[in-house]
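Scroll down for the structure; my scribbles are underneath it.
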Amino acid sequence: MPPHAYTATLPRARRNARATRARARAPLAFAALCALAMLALWALAEHVYAFEIRDTALLRDFTRLNGQHVGVVCKVLLGLLEPLLFTIWGLALMLFAIARSRPRIAVAVVAVMALAPLSAEILKQALAHPHVSIGGTQVGAASWPSGHATAATALALSAVLVTPPRWRRPALLVAIAFVLAVGAALLIREWHLPSDVLGGYLLGSLYVSLALAAVRASERRWPRRAREGDERTRASAG
């Protein structure tokens, strides 16, 4: 290699290394933001009475949308997150990731879809507190964060993780629409307060961000295996 080519390669290698580190740290930064937002939201929902009143009033507004046809749609949406179906979705995503030669993503999906809903249930019991009632609207004490909203977020974003890059943007749009629809269904059916749903969104996003950070860190630590996975994926796509 000519000397000038070698010297030109060094700055490029350093830039690539910095870019790789930044790419690995970005999900961690987002996870930290999710954790801080969860803490702030919980403090508001439990300790600020004016926020509780507004939270319950917004729930009451959503329950007024309930009707025969809307109720059926809500029931179907929430039924997609029942434990058995949720497990099937998780296994399907894991197998799809393995078929695409993405074992790290497969492990990340399993971890997210197992730990995120479990954490929501633990937090609900640990942080249970009575809620105010407006116009007969009442939600149980153990409601924050919403387990269904957490599960919907974990499922939707895990699906985005296993999606091939060229389809990832439309997959993300579908994921956002699904998560928002589930959140609306929870409110219309009077299962959760808006703050519960938002807390579930944040918790699910937190776990997906941590999983993505772990995947990127492992790819940086063992790049050869990551490259081999890329080559197998391109070969199978061709």
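Does Ser218 fit the bill of being outside any loop (DSSP other than H, G, I, E, B) and modelled with pLDDT under 95?
On the way: outside any loop (DSSP other than H, G, I, E, B): yes; modelled with pLDDT under 95: yes.
When the stated conditions are applied, Ser218 passes them.
Go through segment 102-124 and give me each residue that's under 16 Å from Ala43 (Cα atoms) and not basic (Lys, Arg).
From segment 102-124, those under 16 Å from Ala43 (Cα atoms) are 123-124; that's our starting set.
Hit for segment 102-124 is Leu123, nothing else.
Looking at Arg104, Arg64, can you tell me which residue is charged (D, E, K, R) and within 23 Å of Ala211 (Cβ to Cβ)?
Values: Arg64 fails: within 23 Å of Ala211 (Cβ to Cβ).
Just a single option satisfies the conditions, and that option is Arg104.
Looking only at segment 152-184, filter to residues that are touching a residue at least 60 places away in the same chain (Cβ under 8 Å) and crowded, with 24+ Cβ neighbours inside 10 Å; which one of those is nearest to Lys124 (Cα to Cα)?
Here the answer is Ala152.
Is it true that Ala128 is small (Gly, Ala, Ser) and either touching a Lys or Arg at 6+ places or on another chain (Cβ under 7 Å) or exposed (fewer than 12 other Cβ atoms within 10 Å of the Cβ) (or both)? Outline the logic, then answer.
Details: small (Gly, Ala, Ser): yes; either touching a Lys or Arg at 6+ places or on another chain (Cβ under 7 Å) or exposed (fewer than 12 other Cβ atoms within 10 Å of the Cβ) (or both): no.
Against the criterion (small (Gly, Ala, Ser) and either touching a Lys or Arg at 6+ places or on another chain (Cβ under 7 Å) or exposed (fewer than 12 other Cβ atoms within 10 Å of the Cβ) (or both)), Ala128 does not qualify.
If I go through segment 45-95 residue by residue, how many of them are in contact with a Leu (Cβ under 9 Å, 6 or more places away or on another chain) and polar (S, T, N, Q)?
Selection size over segment 45-95: 2.
Can you list the helices (runs of 4 or more DSSP H) found entirely within segment 26-113 that contain at least 2 residues being surrounded by 14 or more Cβ atoms within 10 Å (Cβ to Cβ) and in contact with an Asp or Glu (Cβ under 8 Å, 6 or more places away or on another chain)? Spell out how you get there, then give the answer.
Working: elements: 49-63, 68-79, 83-99.
The helices (runs of 4 or more DSSP H) meeting that bar are 49-63.
The values are calculated or read from the model by the stated rules, or taken from the named source; none is laboratory data. From a predicted model like this one, the values you see are computed outputs, not experimental measurements. Cβ coordinates were reconstructed from backbone atoms using ideal geometry, including for glycine residues, and neighbour counts include every protein chain displayed.
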